Amino acid sequence: MPRGAIAAAVTPLRDRGLALDEQAFGPLIAFLEAGGLDGILSCGTTGEGILLSIDERRRATEWFLAARPPGFAVAVHCGGQTTADTVALARHAA
């Protein structure tokens, strides 16, 4: 269970929001950690998570996890438009 200050992170996008910006995940995590956060919520309540495809949501979570420093928590929003999507996202997050 994540502890401390956790914030819903924006999902870095490029090309006018049409693609994930893989290069921006690391700098975003570094900025949030430097600001005192102990972790983030991936694809959560900032709104864009539900607008991404299941594959994009998985990749975003993987990139957040790859960019985090030791001890920095990444919680994953797994709610989807269908039960099948929610189950697939939860399995991936686990």
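Results, tabulated for the structure shown:
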{"read-out": "Answer residue from region 43-66, given it is touching a strand residue (DSSP E or B) at 6+ places or on another chain (Cβ under 7 Å) and either of a type in the set (Ser, Thr, Tyr) or part of a strand (DSSP E or B) (or both) and is surrounded by the most Cβ atoms within 10 Å (Cβ to Cβ) among those", "value": "Thr61"}
{"read-out": "Given (1) of a type in the set (A, V, I, L, M); (2) within 12 Å of the chain's Cα centre (by Cα); (3) closer than 22 Å to Arg91 by Cα, index of the condition Ile29 fails", "value": "(3)"}
{"read-out": "First in region 68-94 and touching a residue at least 24 places away in the same chain (Cβ under 8 Å) and surrounded by 10 or more Cβ atoms within 10 Å (Cβ to Cβ), second anywhere and of a type in the set (Ser, Thr, Tyr) and not in a helix (DSSP H, G or I), Cβ under 6 Å, 6 or more apart", "value": "Val74/Ser42; Val76/Ser42"}
{"read-out": "Enumeration of residues in region 25-42 that are free of Cβ contacts under 8 Å to residues at least 40 places away in the same chain, outside any strand (DSSP E or B) and crowded, with 17+ Cβ neighbours inside 10 Å", "value": "Leu28, Leu32, Glu33, Leu37"}
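FYI, it's all coordinate maths here, none of it is from the lab. Here the structure is a predicted model, which is why all the values come from computation and not from measurement. Cβ sites come from the backbone with ideal geometry, for glycine too, and all protein chains shown count toward neighbours.
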